[in-house]
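Here the structure comes first, spelled out in structure tokens, and everything after it is commentary.
The values are calculated or read from the model by the stated rules, or taken from the named source; none is laboratory data. This one's a predicted model, so the numbers in the text were calculated from it and none came from an experiment. Every residue, glycine as well, gets a Cβ built from its backbone with ideal geometry; the counts of neighbours run over all protein chains shown. These accessible areas exclude ligands, DNA and RNA; they are computed on the full protein's heavy atoms, side chains included. Shrake-Rupley method; radii C 1.70, N 1.55, O 1.52, S 1.80 Å.
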Amino acid sequence: MFDHDFPAQIAGTFLPEDSQAKARLQKIWLSFRGFSSIITFISSCINPVLYTFAGKSYIKREGLAFMARLFEGSRIESMRKNRQNQRNQDQEKKEEVDHLRDRV
């Protein structure tokens with residue numbers, strides 16, 4: 001089964017079991033399933049090769065400075081998420097303390 005359901009398959013769930021429209025949608029889903037599997041397989045085979053060549057030319061053009069920028073962006077995003085998580089935890093603790101005070 002695919003990670004994403006085909007829209008025809010989803011639409012079919014809302015139709016009665018004996019409906020002609022549901023049977024038609026099932027045929028469409030089955031025919032496109034094979035096609036989409038082939039496209040996915042080809043893409044999975046070609047993408048690593050394309051990214052390898054594209055990456056090499058980018059490294060030659062930009063040098064390794066782009067790696068520093070890449071990791072800098074990752075570090076900033078990580079720090080932002082950590083701060084947000086800490087705020088959420090602090091808020092939860094405050095709500096818990098307030099709830100306990102209300103009970104007393």
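A few comments on the model shown:
- Single match in S43, S57 (criterion: at pLDDT below 85, of a type in the set (S, T, Y) and either loosely packed, with under 10 Cβ neighbours inside 10 Å or in a helix (DSSP H, G or I) (or both)): S57
- Q9 meets the conditions (1) at pLDDT below 80; (2) exposed (fewer than 10 other Cβ atoms within 10 Å of the Cβ) in every case but one. The failed one is (2).
- So K22, is it open to solvent by less than 70 Å² (accessible area, probe 1.4 Å), at pLDDT 75 or above and in a helix (DSSP H, G or I): yes
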